[in-house]
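Student: Here it is, the structure, as structure tokens.
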Amino acid sequence: VSFIPGGLDCSISFVSHVLGKVCVHGRQKEIMGVLVPHLTDLTKSDCIWQRICWRLVECVPDRWMEAVVLGFVQGAPRADVLSRLLGNLVVKNKKAQFVVTQKMLLLQYGHTTAVLQNLLGYLSLDSLRRPLMLGVLQELLETWSSSSAVKHSPAEQQLYISKAILICLSHLKEPEIESCRQELLTSMMEGVKCHLDSSLPQLRRLGMVVAESISLKINTEGPVLKFEYEEDDETRELKSLLVQTPPFCVIPSFPDDDRSEKTGAALPLVPENHEKPHTAAPVMPDEELDAELDSDDDLTPYDMSEDKVLKIKAPVYIRDCIEVLTGSRSEDVDKWEATVKALESLVRKNPAATREVSVELAKILLHLEEKTCIEGFVELRQRAQVAVLSTDPIPVAKYLTSQFYSLNYSLRQRMDILDVLVLAAQELSCPKFHGKTEHSGAQKPCIQLLPGSDSSKDWRRIVDERIKSKTRRFDMGQSHVELASRPNEFNSVAGHFFFPLIQHYDRPLTTFDLLGEDHLVLGRLVHTLAILMYLAVNTVAVTAMGKALLEFVWALRFHTDSYVRQGLLSCISSLLLSVPAERILADMTEELLETQSWLGDVMERDPDGDCRRLALQNLLLMENLKKKLEVVPS
Amino acid sequence: MALPPPDPQFVLRGTSAAVHALHFSCGGPEPDIPLLFSGSENGFIHVWNLKTRRAHTALDGHGRKSVYCVQTMGGKGRLLSQGRDQRICLWDLAEGRTSVTDSVFTEHVGFCRCSLLKVAQGRWLMAMAARSLEEVQILELPSKTSVCTLKPEMGAKLGMPMCLKLWQLNCDSQPVLLAGYEDGSVVLWNMSMRKVLSQLICHQEPVMSLDFDAEKAKGISGSSEKVLSIWSLNEQQNLQVYKTHELVNAGISDITIRADKKILATAGWDHRIRIFGWKKLKPLAVLDYHTATVHCVSFSDHSNPRERLLAAGSKDQRISVWSIYAQT
């Protein structure tokens, strides 16, 4: 494909046709791979070639325009190259405009960041095209700030749109920012609200990063919006998009001069550094020169061995602890602190005494607020609660589950109740657990995918990991020694933990509506039920629990929040793993068949990637179950 | 074998409130009763007779607001007290009278104790924290005229003055002020020119208390952290850190050097009084009697060295009086 230069009036349209046909048949990559570098070189400084190139693309018939434009955008190495090749095609041709401003940005989301950079850079480079870029930014912001889009579109699409917004922002110039400042502000406020409402941490972070960037752009002086979130690769990448490197190459002669200047400047610094240490030496008086005869030597010191770090004694009896914690005397904060720190071990050492006052203690701990600034107050309180619950499970579980559905608790307190129930259930059901935990801090939810394999052992491990990651708890030292087995203490109390939680979920209270706004707590509740189900393996109540859980899941299966759906799918996994296979097939056959068809539907159509994976796992678990039962009967 | 630390010689009870300030007045000749003045949180100043070990008067002059500084002005007949009612009161206690002769309205809402220095017969200079956040005002007493106001420069960010010490090397030299501030630095002020001569950052936390030995040009400061800082003043009037000493428990409320410059005492938040040798800051004793924070320590001014005492006032409402290292 080489062209004959020189002012011949060639008919380009034939070439355009060929190009279009080739592209539409899917051979974009090959032809662009050859064409684009050629044209890049030719059009670098030659205006005639530029015009030829523009004619080339303009003449492509409309039905093939999309393929050609797509090919160019993906093939061009940089935005300015794209600008040279396509010229003002997007302004002149309606189809090209549609492809560039609508299709590639809003309807597709598979393109790489580099492609986005090219596209948006191309739009920003010419004054005729800038209005298009501003229009694009507005539409992107509208999508970003629409709550239904945030709830229903997949995470990858939301990431793509966020990237596009950030790149547009980086291209904006001052006067343009001025003119659309108000709109930027309104969209930012709406958008950040929808994003923070979401139960998925990734979406929340996306919202925060984009909102911060918008705020940075519109408030160049004065305070900017700043969120607290953990930085990770994704956020760093997003933030780097805000900074634009100039699209044009710096003329090569400069770097040499710069370098020599820098080395020259570096030299004088070095000798300065050597001088500094001398002046900074502290004035150390020469003790030997203190030759005066001191009568200090006559002063004999007394015995100071008792002088140790001051420790405030904590109370030794549980009832004393209760007194201190409920006492209104604000002066004795030292004692209060010592009590909070010592409470867990006291409870574990005195189970009989704890059982007498267990519900009262549970009540006090649930309402305990931080009086002074102790390190790790939240964990201390949680550990004490878990200790009380494990020591006297039935009454305390009754109390806690009833409080979960009561008025006037904060969301945080309700979620704490759920965490405590899970931790205590774990302690009661696991024979290795001795009540000693090591502090580890919260683990971030992580989804681990092992390469697809059929054995149910792998799935069990995956589910285990998932369950571990969803619980906010401390890392237990995994003891490799097989310890003596103990009776499963969870057996007698599993029902007390489980059924009250599942009972009232559909009854809204004035301050607490699980099926309405408080879907975050609903999500946590569902995950908690999944864990309790999993821990109830080998207990007597497991079948009844399984049936109740299946009904619960069935009622909620179309919930709009993806975190809740993930929880429901975990419930199914736990169910399949815990309830003995025979019981499942005997008591729950019909429900299971219905569940299977629902799972198939989720696997194909659910917008959330994690939900789809979980549904697939569940289907595989069911398959394995069937196979196992087919093998057994002899 | 080191001896166990001594017990207090006696303990004064009866203030019914935490004790914040102590001052001895025992220098008078024989027929004079040795006295100890104490300021309490309930606003009373008790005058203790050290022979009978009972309080023979309770002065009420600060409207039941805590009294955090008491000092005598040349003898037991005149007393100065500073309270949280933002006033400094001057009392006439001669011949059994108990009246407030004068008062200064400082408008200071903090806890900075004022510092007195006798510059001539019947004339004193008093340094006190003033109303404005970072300022220290020097007044002449009894005329109450303002001598100068020491204000740090803009952007110095020293915070409130926490403790003050006015001193002069001898009767003829210029009085100088040492001030410890909230940001942990100790500043040496030239009063006539109202300028900072030297500033030294001694602590990371506010300076709670300081004391200075004019003869050796060495001072010590304590803060809410675990470190005691000893600094010296060289000929160019510059402060330099000489030494630091780490304590077992954090928090010092008060430091005082005995008049013979041999030992010093610190009052700790860990309920203990510590005694150190001043020359090299050798730890000498830890006196553990009180059951709550010790707020103040004070050495007596007995003319007979063997009778010298140390008093400590604490939040547990008791004043412990010790006889320690009195033999040297």
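The values are calculated or read from the model by the stated rules, or taken from the named source; none is laboratory data. In this text the structure is predicted, and so the values were computed from the model without any measurement. Here the Cβ positions follow ideal geometry from the backbone for every residue, glycine too, while neighbour counts run over all protein chains shown. Each accessible area value is taken on the protein alone, full model and side chains, heavy atoms only, with ligands, DNA and RNA left out. Shrake-Rupley method; radii C 1.70, N 1.55, O 1.52, S 1.80 Å.
Student: For segment A:152-163, what does the Karplus curve 6.51 cos²θ - 1.76 cosθ + 1.60, with θ = phi - 60°, yield as ³J(HN,Hα) per residue in whole Hz, taken in order and with x for Gly and Pro?
Tutor: Couplings: 10, 8, x, 4, 5, 5, 5, 5, 4, 5, 4, 4 Hz.
Student: Per the 1.4 Å probe, what fraction of the accessible area of segment A:310-391, in percent, lies on carbon and sulfur atoms?
Tutor: So the carbon and sulfur contribution to the accessible surface is 50 percent.
Student: Pick out, in residue order, every one of the chymotrypsin sites (Phe, Trp or Tyr not before Pro) in segment A:485-589 that is DSSP loop and has at most 12 other C-beta atoms within 10 Å; say none if there are none.
Tutor: Values: sites: A:Phe490, A:Phe497, A:Phe498, A:Tyr505, A:Phe512, A:Tyr534, A:Phe552, A:Trp554, A:Phe558, A:Tyr563; in loops: A:Phe490, A:Tyr505, A:Phe512, A:Phe558.
When the chymotrypsin sites (Phe, Trp or Tyr not before Pro) of segment A:485-589 are filtered for loop state and at most 12 Cβ neighbours within 10 Å, A:Phe558 remain.
Student: Suppose the Debye formula is applied to equal point scatterers at every Cα of the protein assembly as shown; what is log10 I(q)/I(0) at q = 0.05, 0.09 Å⁻¹?
Tutor: -0.56, -1.07
Student: Within the set B:Lys195/B:Lys315; B:Lys76/B:Lys151; B:Lys261/B:Lys315, which residue pairs have Cα atoms separated by over 30 Å? Each step should come with its number before you reach the end.
Tutor: Details: B:Lys195/B:Lys315 38 Å; B:Lys76/B:Lys151 34 Å; B:Lys261/B:Lys315 28 Å.
Over 30 Å apart, Cα to Cα: B:Lys195/B:Lys315; B:Lys76/B:Lys151.
Student: In debye, nearest 20, what is the charge dipole magnitude of the protein assembly as shown about its Cα centre with +1 on Lys and Arg Cβ and -1 on Asp and Glu Cβ, if you could check?
Tutor: Values: 107 positive and 119 negative charges, 238 e Å.
Charge dipole, the protein assembly as shown, about its Cα centre: 1140 debye, nearest 20.
Student: Taking +1 at the Cβ of each Lys and Arg and -1 at the Cβ of each Asp and Glu, which of B:Gly43, B:Pro305, B:Ile220 sits farthest along the dipole of chain B towards its positive end, judged by Cα position relative to the Cα centre?
Tutor: Going by the Cα projections, it comes out as B:Pro305.
Student: Among B:Ser323, A:Leu407, B:Pro29, whose Cα lies farthest out toward the positive end of the dipole of the protein assembly as shown, if unit charges sit on the beta carbon of Lys, Arg (+1) and Asp, Glu (-1)?
Tutor: A:Leu407
Student: With a 1.4 Å probe and every protein chain left in place, work out the accessible area per residue of chain B in Å², rounded to a whole number.
Tutor: Numbers: 13870 Å² over 328 residues.
That works out to 42 Å² per residue.
Student: Next question, about the same structure. Of the cross-linked pairs A:Lys311/A:Lys349; A:Lys92/A:Lys163; A:Lys226/B:Lys157; A:Lys371/B:Lys282; A:Lys239/A:Lys371; B:Lys226/B:Lys280, which ones have a Cα-Cα span greater than 30 Å in the structure shown?
Tutor: Those over the limit are A:Lys371/B:Lys282; A:Lys239/A:Lys371.
Student: Now for a different question. Carbon and sulfur: what percent of segment B:241-287's accessible surface (1.4 Å probe)? Walk me through the numbers before you get to the answer.
Tutor: Working: 740 of 1380 Å².
Result for segment B:241-287: 54 percent of the exposed heavy-atom area is carbon or sulfur.
Student: May I ask you to derive the FRET efficiency for A:Arg63 and A:Leu196 from their Cβ-Cβ distance with R0 = 51 Å, giving the value to the nearest 0.05?
Tutor: Details: r = 45 Å, r/R0 = 0.87.
The value I calculate is 0.70.
Student: Here's a follow-up. Give me the base-10 log of I(q)/I(0) for segment A:106-195 at each q in 0.20 Å⁻¹, Debye formula, one uniform scatterer per Cα, rounded to two decimals.
Tutor: Values, matching the q order: -0.97.
Student: Still on this structure, I have one more. Report, in cubic angstrom per residue, the convex hull volume of the C-alpha atoms of segment A:64-161.
Tutor: On the way: hull volume 8.6 nm³, N = 98.
For segment A:64-161, the hull spanned by Cα atoms encloses 87 Å³ per residue.
Student: A further question follows. Charges only on Cβ, +1 for Lys and Arg, -1 for Asp and Glu: so what's the dipole of segment B:211-287 about the Cα centre, in debye to the nearest 20? Spell out each step's value before the answer.
Tutor: Working: 12 positive and 9 negative charges, 70 e Å.
The calculated dipole for segment B:211-287 is roughly 340 debye.
Student: Scaled to the compact-protein estimate 2.2 N^0.38 Å, what is the alpha-carbon radius of gyration of segment A:73-121, rounded to two decimal places?
Tutor: Rg over 2.2 N^0.38 Å, computed on Cα atoms: 1.07.
Student: Rg and Dmax in Å for segment A:142-239, alpha carbons only: what are they?
Tutor: According to the Cα coordinates of segment A:142-239, Rg and Dmax are 12.8, 37 Å.
Student: Run the dipole for chain B about the Cα centre, Lys and Arg Cβ at +1, Asp and Glu Cβ at -1, nothing else charged, and hand back the magnitude in debye, nearest 20. Can you show the working numbers first?
Tutor: Values: 37 positive and 31 negative charges, 78 e Å.
About 380 debye.
Student: Related question: Per residue of B:277-286, how many C-beta atoms from partner chains lie within 10 Å of its own C-beta, taken as a mean? Walk me through the intermediate numbers first.
Tutor: Values: counts 7, 3, 7, 5, 1, 4, 4, 6, 7, 8.
The per-residue average across the peptide is 5.
Student: Next question, about the same structure. Segment A:582-634 to segment A:115-172: how many Å between their Cα centroids?
Tutor: So the two Cα centres are separated by 41 Å.
Student: Based on a Kirkwood Rh over C-alpha pairs, give the Stokes-Einstein translational diffusion coefficient of chain B at 20 °C and viscosity 1.002 mPa s in µm²/s.
Tutor: On the way: Rh = 19.9 Å.
The Stokes-Einstein estimate is 108 µm²/s.
Student: For segment A:310-391, what is the per residue volume of the convex hull drawn over the alpha-carbon atoms, in cubic angstrom? Present the calculation step by step, with values, prior to reporting the outcome.
Tutor: Numbers: hull volume 7.0 nm³, N = 82.
For segment A:310-391, the hull spanned by Cα atoms encloses 85 Å³ per residue.
Student: With the cut-off at 22 Å, report for segment B:106-224 the share of all Cα pairs above it, as a whole percent.
Tutor: The share of Cα pairs beyond 22 Å in segment B:106-224 comes to 27 percent.
Student: Sort out the exposed loop GluC sites (Glu not before Pro) in chain B (DSSP loop, at most 16 other Cβ within 10 Å) and tell me the longest stretch that has none.
Tutor: Details: sites that count: B:Glu107, B:Glu135, B:Glu153, B:Glu215, B:Glu235.
The longest uninterrupted stretch comes out as B:1-106.
Student: What are the principal axis extents of the Cα atoms in segment A:1-108, in Å, biggest first?
Tutor: Sorted from largest, the Cα extents of segment A:1-108 read 42, 26, 26 Å.
Student: How about segment A:296-315: which of its residues lose at least 30 Å² of accessible area in the presence of all protein chains relative to their chain isolated, using a 1.4 Å probe?
Tutor: Residues passing the criterion (a loss of at least 30 Å², heavy atoms only) are A:Asp296, A:Leu299, A:Pro301, A:Tyr302, A:Asp303, A:Met304, A:Asp307, A:Val309, A:Leu310.
Student: Can you pull out the buried accessible area for chains A and B, both sides counted, probe 1.4 Å, rounded to the nearest 100 Å²?
Tutor: Values: alone 35260 and 14910 Å², together 47990 Å².
That pair of chains buries around 2200 Å² in total.
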